[in-house]
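Here the structure is laid out as structure tokens; the discussion comes afterwards.
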Amino acid sequence: MDLTINEKRVLGVLAELKSADAVTLAEKLDAPEGAVIQWAHLCADRGLVTLDKTVVETAVLTEEGKKYAAEGLPERQVLASIEGPTPMAELTKHPLSKIAVGWLRKKNWIVIDKGMVVPTPDVSEGVDEVALKNPIAGTEGCNELVKRGLAEVLESVSWTVSITPAGAEIVAAGLDLREEIGTLSSEQILSGEWKSLPLRRYSVDKLPKKIYGGRVHPNQQILDEIRTLLFEMGFTEFHGSIVQNAFWNFDSLYQPQDHPAREMQDTFHLAEEMDLPTDWEKIKNIHMTGGQTGSTGWGGDWSPDIARKCVLRTHSTSLSIQHLARNPNPPVKAFSISRVYRRETIDPTHLPEFEQLEGIVMDKDLTFGHLLGFFKEFFGRMGFESVRFRPGYFPYTEPSVEPEVWVDGLGWVELGGAGVFRKEVTAPWGIDCPVLAWGLGVSRVSMLRMGLKDLRQLYRSDIDWIRASPVRRV
Ligand SMILES: N[C@@H](Cc1ccccc1)C(=O)O
């Protein structure tokens, strides 16, 4: 049997001791415990030793636990601070009363009667207090302390290694304890001396431990791929703040102030307010009368106070309109990949935050047909071969569509919305050519591309999944 020198050394010690724990072995062999355990496992693989694992639990007090061990549990301290019936109002002055009162009642150390706290006759030491003096893992008292965060249980693993008859036999037959040779010199080869040297054996059928290099998160890879694709298609990128006022998130997009999407249940509203642009009245006019656009507007009233209120952006269209307001002259061809926030109930296909890919193309003579053509091209390059369009509705586009892609096994999957911005949206900023606009859920795209059933997987720190996900072309 080709044993390594270290395996032989383990057997050598065990031939004498028969059985030993890893700490003793490590001492005898003057080697780290971890290494000794590894050598013992190699011997165990060959049936020369057996290994027994014992998990020992030790309880230790947390910082808070230590403090109470010295001063007494809060309920004990508070109880000690009163003599006989005491008004509740008095008791609550004690700095620990917040923690203590619940426990005092739970332990039946007090009863509360018409605002008076009355100590009961039985206030003897509890198992938790015993454990606080000497915590022993697994005892009822100690479990109580763990629940209260006053103690924690640490696990330590210890190994016992025992030699088997097969191992003893090998030792009895004599062990060659000469150092093994890992490299040969040319003299050793030329002289033929190598034939008698104890050469280190290599096992070619044992797989080495896997090494994982750093890598980009699979979802980020897809986002990067989309960015690269759009740069290749001639787009520039725009960014903006996560916090937007309603003016940019809703009003400038011709979303009426009583639109249901603005409701509490859909949007994260913030307490902050943000100033409006100095020429905000043109948006008010558009909403109330349609301004110079030939539209009748929504009618009714429009309040700058509502428009100043901040929200977490619910869509990146709020960034698109600001990009257009800053760049009102054609051509504009720009995109943004940004997180957006909605009050969704979390489930496999809905999250309260997700990435949107937002795009705008502005130029003379653009038509709705160009928008559909863009999607065919873009989704084709993303690997979705069939695209279809369903009519849609958005307050800021006319016409509007919802593009869908075909995914084998799932059917048609809706990916977002698109359309041509209405005059009510573009005219206030002096834009007079058509603007194609869209917003797609890219997390959906990632999910489909990776074949995931659960969107949440994209945002979990699941290191095994991240390592196992195939590296994609970027
Ligand atoms: N903002 C829309 C998508 C959209 C963007 C631009 C134009 C039309 C629709 C959404 O979040 O669903």
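Of the helices (runs of 4 or more DSSP H) lying entirely inside region 60-124, those carrying at least 3 residues that are under 42 Å from the mean Cα position of the chain (by Cα) and over 26 Å from GLY138 (Cβ atoms) are 97-106. If you go through region 179-194 one residue at a time, do you hit one that is of a type in the set (Asp, Glu) and in a loop (DSSP other than H, G, I, E, B)? Yes, because at least one residue in region 179-194 is of a type in the set (Asp, Glu) and in a loop (DSSP other than H, G, I, E, B).
If the condition is being surrounded by fewer than 16 Cβ atoms within 10 Å (Cβ to Cβ) and under 25 Å from PRO87 (Cβ atoms), then region 117-150 contributes VAL118, THR120, PRO121, ASP122.
Of all residues in region 410-425, those that are touching a helix residue (DSSP H, G or I) at 6+ places or on another chain (Cβ under 7 Å) and surrounded by 19 or more Cβ atoms within 10 Å (Cβ to Cβ) total 5. In region 143-157, is there at least one residue being in the same structural domain as ALA80 (by TED's automatic domain parsing), in contact with a strand residue (DSSP E or B) (Cβ under 6 Å, 6 or more places away or on another chain) and part of a loop (DSSP other than H, G, I, E, B)? Scanning region 143-157 turns up no residue that is in the same structural domain as ALA80 (by TED's automatic domain parsing), in contact with a strand residue (DSSP E or B) (Cβ under 6 Å, 6 or more places away or on another chain) and part of a loop (DSSP other than H, G, I, E, B).
Among the residues of region 440-460, just one is surrounded by fewer than 21 Cβ atoms within 10 Å (Cβ to Cβ) and of a type in the set (S, T, N, Q), namely GLN457. Checked against the criterion of being more than 15 Å from the ligand (Cβ to nearest atom), in contact with a strand residue (DSSP E or B) (Cβ under 9 Å, 6 or more places away or on another chain) and free of Cβ contacts under 8 Å to residues at least 12 places away in the same chain, the candidates LYS309, LYS376 yield just one match: LYS376. The listed residues are SER252, SER303, SER295, and the only one of them that is more than 30 Å from ARG456 (Cα to Cα) and in contact with a Lys or Arg (Cβ under 7 Å, 6 or more places away or on another chain) turns out to be SER295. Among the aliphatic types (A, V, I, L, M), within 16 Å of the ligand (Cβ to nearest atom), in the same structural domain as PHE368 (by TED's automatic domain parsing) and under 24 Å from GLU404 (Cα atoms): is that true of VAL425 in this structure? For VAL425, the condition - among the aliphatic types (A, V, I, L, M), within 16 Å of the ligand (Cβ to nearest atom), in the same structural domain as PHE368 (by TED's automatic domain parsing) and under 24 Å from GLU404 (Cα atoms) - is not met.
Among the residues here, ARG381 does not qualify as over 34 Å from the mean Cα position of the chain (by Cα) and away from the ligand (no atom under 14 Å from the Cβ). Only one of the numbered conditions (1) in contact with a Leu (Cβ under 8 Å, 6 or more places away or on another chain); (2) more than 16 Å from the ligand (Cβ to nearest atom); (3) in a loop (DSSP other than H, G, I, E, B); (4) not β-branched (Val, Ile, Thr) is violated by ASN219, and that is (3).
Each row is one residue, and each column tells you yes or no for (1) over 30 Å from ASN6 (Cβ atoms); (2) in contact (Cβ under 8 Å) with a residue 24 or more places away in the chain; (3) assigned by TED's automatic domain parsing to the domain that holds ALA20.
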site: LEU48; (1), (2), (3): no, yes, yes
site: TYR68; (1), (2), (3): yes, yes, no
site: GLU71; (1), (2), (3): yes, no, no
site: ASN108; (1), (2), (3): yes, no, no
site: VAL123; (1), (2), (3): yes, yes, no
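Annotation note: Cβ proximity below 8 Å between a residue of region 173-196 that is of a type in the set (Gly, Ala, Ser) and a residue that is in a loop (DSSP other than H, G, I, E, B) and surrounded by 10 or more Cβ atoms within 10 Å (Cβ to Cβ) (sequence gap 6+ or interchain) occurs for GLY182/ARG200.
Conditions (1) loosely packed, with under 14 Cβ neighbours inside 10 Å; (2) charged (D, E, K, R); (3) under 18 Å from VAL171 (Cβ atoms); (4) outside the structural domain of GLY167 (by TED's automatic domain parsing), marked per residue:
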residue	(1), (2), (3), (4)
LEU14	no, no, yes, no
VAL23	yes, no, no, no
ALA31	no, no, no, no
GLY34	yes, no, no, no
ALA44	no, no, yes, no
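Applying a threshold of 6 Å to beta carbon distances and a minimum spacing of six or more residues, or different chains, the list of pairs starting in region 265-278 at a residue that is outside the structural domain of LYS309 (by TED's automatic domain parsing) and ending at one that is part of a loop (DSSP other than H, G, I, E, B) and surrounded by 15 or more Cβ atoms within 10 Å (Cβ to Cβ) is empty. Residue count for region 296-312, restricted to those that are over 34 Å from the mean Cα position of the chain (by Cα) and at negative phi: 8. The helices (runs of 4 or more DSSP H) falling completely within region 264-345 include none with 2 or more residues that are at pLDDT below 95 and charged (D, E, K, R).
The values are calculated or read from the model by the stated rules, or taken from the named source; none is laboratory data. The shown structure was predicted, so the numbers you read here are calculated from the model rather than taken from an experiment. Ideal geometry is used to build each Cβ from the backbone, glycine not excepted, and the neighbour counts take in all protein chains shown.
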